[in-house]
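Everything below concerns the one structure shown next.
The values are calculated or read from the model by the stated rules, or taken from the named source; none is laboratory data. Quantities reported herein were computed from a predicted structural model and do not represent experimental measurements. Glycine also receives a Cβ, built like all others from the backbone with ideal geometry; neighbour counts cover every protein chain displayed.
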Amino acid sequence: MANAPIRLLIAASGTGGHLFPAIALAEQLPDYQIEWLGVPNRLERSLVPKQYPLNTIAVEGFQQGLGFSSLGILGKLVGSILQVRKLLKKGNFQGVFTTGGYIAGPAVIAARSLGLPVILHESNALPGKVTRFFGPWCDAVAVGFEVAAKYLPRAKTIYTNTPVRSPFLDSQIVPLDLPIPENVPLIVVFGGSQGAVAINKLVRSCATAWFDAGAWVVHLTGDNDPEVENLQHPQYIVLPFSDNMAGLLKRADLAISRSGAGSLTEMAVCGVPSILIPYPFAAEDHQTYNAEVFTSVGAAIAFKQSELSAEVLQSKVLYLLQSPQLADMAEKSKAIAVPDSAAKLAQLVRDLVEM
C-alpha cells in the first residue's frame, strides 16, 4: 500500500494551551490519518474534533514530588507507556506529535522505544519540566517564543511560534451575534480555558467607570465563579466561555487576560493590545515569562495579581481608552505574530515523519 496515508498520533491534553496548537497543526495535515492521545475527563473530550479518534490513558504528573503516593502514579506511568506502545504498533503509526505536559512522557518514551520520530511543541517562554527533560529525546522541539531555546541547550530547537486555529487567520470578520454597537470601544476579559475568578472580581469592581466612558465589556468568566450574577449592565455581556474567540478578539480594542501562551498568540495574530495578569500559581511562574515577551516590546502591560487593585486597573483602562498608546500597543502586538506558524510546524512534521 504505497499510497497509504501517513498515520500520526497527537498527544495533547488538559488545557486549551495544549490542545489548540495541536488542533491547528492537525488542520494543516488533511492528508494524514490522525488519532489523538488524551486523558479521561479532560478538555480534549469536548475540544478534539470528531474526525480524530480519541484514545485515553490514565497518567498523572508528579506535582507533589516523590513519596509513597507517587508509587501509584509511577505505576500508572509504566502502564501508560506500555499502552501507548501497543497503540502505536497496532495502529502502524509513523510518528508522534505532542505539545508537552505529563501526557508527553509516555508518548515520547513509547515512540522512541519503537524508533518512531517525535516532534514536541513547547509554547511557553519558559519550557515546562517535561519539555526540558524529554526535549533531547525528540527529533525536534518547536518553540513558541525564541527565548525558550536558551532553556533547552541539549535539544534541537526550531522557532515556529505557536499555531492558532484557522478562524483566527481568516481575513473576514467573524459575526459575533452579540448586541454590541459598531463604534464603541470593546474590552474583552478572559482567564484562559478555565476562567479566572480573581480577575473576574477585579473587573466587576471597576467596570462601571468603563461603562460611563462608553466602553462595552464582554466578560468570559469560566464556569466556576459563584459571583457571576453580581454585575448587570446594558453594556456588560457575561458568558462562561465563547466558541468564537477569533471574532471577539478581532473586534476587541483591549483585552484583559492571563498570559497563557495560547491566549497571547491569539491576541497577537488579531493585533489586540492587552493588560496581562499572569496566573500566580502557574508551574515555575511560566506565565510571567510569557508576559515579559509582550511587555518588553510594548505590546502589553503586565501586573502581578497580588499587587493589582481595582483602582489601578480601572484607571489604567480609562487612560488607555483615551490614549494613542493603545493603537501603538496594537501594532506591536501584531508584529509579534507569525500567521503561518501552523504551516511551518506542519512542514517540520512532514520533514521528520516522511524521511
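A few points about this structure:
- Qualifying strands (runs of 3 or more DSSP E) (wholly inside the stretch 75-157; at least 3 residues being more than 30 Å from residue 291 (Cα to Cα) and among the small types (Gly, Ala, Ser)): none
- Yes/no for residue 187 being outside any loop (DSSP other than H, G, I, E, B), modelled with pLDDT of 95 or more, within 27 Å of residue 48 (Cβ to Cβ) and of a type outside the set (Gly, Ala, Ser): no
- Restricting the stretch 113-129 to residues that are of a type in the set (A, V, I, L, M) and touching a residue at least 40 places away in the same chain (Cβ under 8 Å) leaves a set whose member that is nearest to residue 158 (Cα to Cα) is 119.
- Any hit, the stretch 105-120, residues being within 17 Å of residue 344 (Cα to Cα) and of a type outside the set (A, V, I, L, M, F, W, C): no
- Test: residue 146 is modelled with pLDDT of 95 or more, crowded, with 23+ Cβ neighbours inside 10 Å and among the acidic types (Asp, Glu): no
- Each residue in the stretch 328-346 was checked for being surrounded by 14 or more Cβ atoms within 10 Å (Cβ to Cβ) and assigned to a helix (DSSP H, G or I), and 12 of them qualify.
- Among the candidates 103, 158, the residue that is of a type in the set (Val, Ile, Thr), in contact with a strand residue (DSSP E or B) (Cβ under 7 Å, 6 or more places away or on another chain), in contact (Cβ under 8 Å) with a residue 60 or more places away in the chain and surrounded by fewer than 23 Cβ atoms within 10 Å (Cβ to Cβ) is uniquely 158.
- Consider the stretch 87-100 and keep the residues that are touching a residue at least 24 places away in the same chain (Cβ under 8 Å) and of a type outside the set (A, V, I, L, M, F, W, C). The one that is nearest to residue 59 (Cα to Cα) is 100.
- Residue match in the stretch 283-293 (condition: touching a residue at least 24 places away in the same chain (Cβ under 8 Å) and within 21 Å of residue 204 (Cα to Cα)): no
- Residue 325 falls short on exactly one of the conditions (1) in contact (Cβ under 8 Å) with a residue 60 or more places away in the chain; (2) surrounded by fewer than 16 Cβ atoms within 10 Å (Cβ to Cβ); (3) farther than 25 Å from residue 166 by Cα, and that condition is (1).
- If you go through the stretch 110-129 and keep only what is surrounded by 19 or more Cβ atoms within 10 Å (Cβ to Cβ) and modelled with pLDDT under 95, you end up with just 128.
- Residue-level check: of (1) crowded, with 19+ Cβ neighbours inside 10 Å; (2) touching a residue at least 60 places away in the same chain (Cβ under 8 Å); (3) among the hydrophobic types (A, V, I, L, M, F, W, C), residue 6 misses just (1).
- Hey, residue 288 buried (at least 20 other Cβ atoms within 10 Å of the Cβ) and in contact with a Ser or Thr (Cβ under 9 Å, 6 or more places away or on another chain) or not: no
- When the residues of the stretch 169-206 are filtered to those that are free of Cβ contacts under 8 Å to residues at least 60 places away in the same chain and small (Gly, Ala, Ser), the one that is nearest to residue 260 (Cα to Cα) is 195.
- Extreme residue, nearest to residue 265 (Cα to Cα), among residues of the stretch 300-322 that are surrounded by 13 or more Cβ atoms within 10 Å (Cβ to Cβ) and under 21 Å from the mean Cα position of the chain (by Cα): 300
- The residues of the stretch 210-251 that are among the aromatic types (Phe, Trp, Tyr) and at pLDDT 95 or above, listed by number, are 210, 211, 216, 236.
- Comparison of 217, 228 shows that the only residue that is of a type in the set (Val, Ile, Thr) and farther than 25 Å from residue 329 by Cα is 228.
- Restricted to the stretch 1-63, the set of strands (runs of 3 or more DSSP E) holding at least 3 residues that are farther than 21 Å from residue 77 by Cα and either assigned by TED's automatic domain parsing to the domain that holds residue 244 or of a type in the set (Phe, Trp, Tyr) (or both) is empty.
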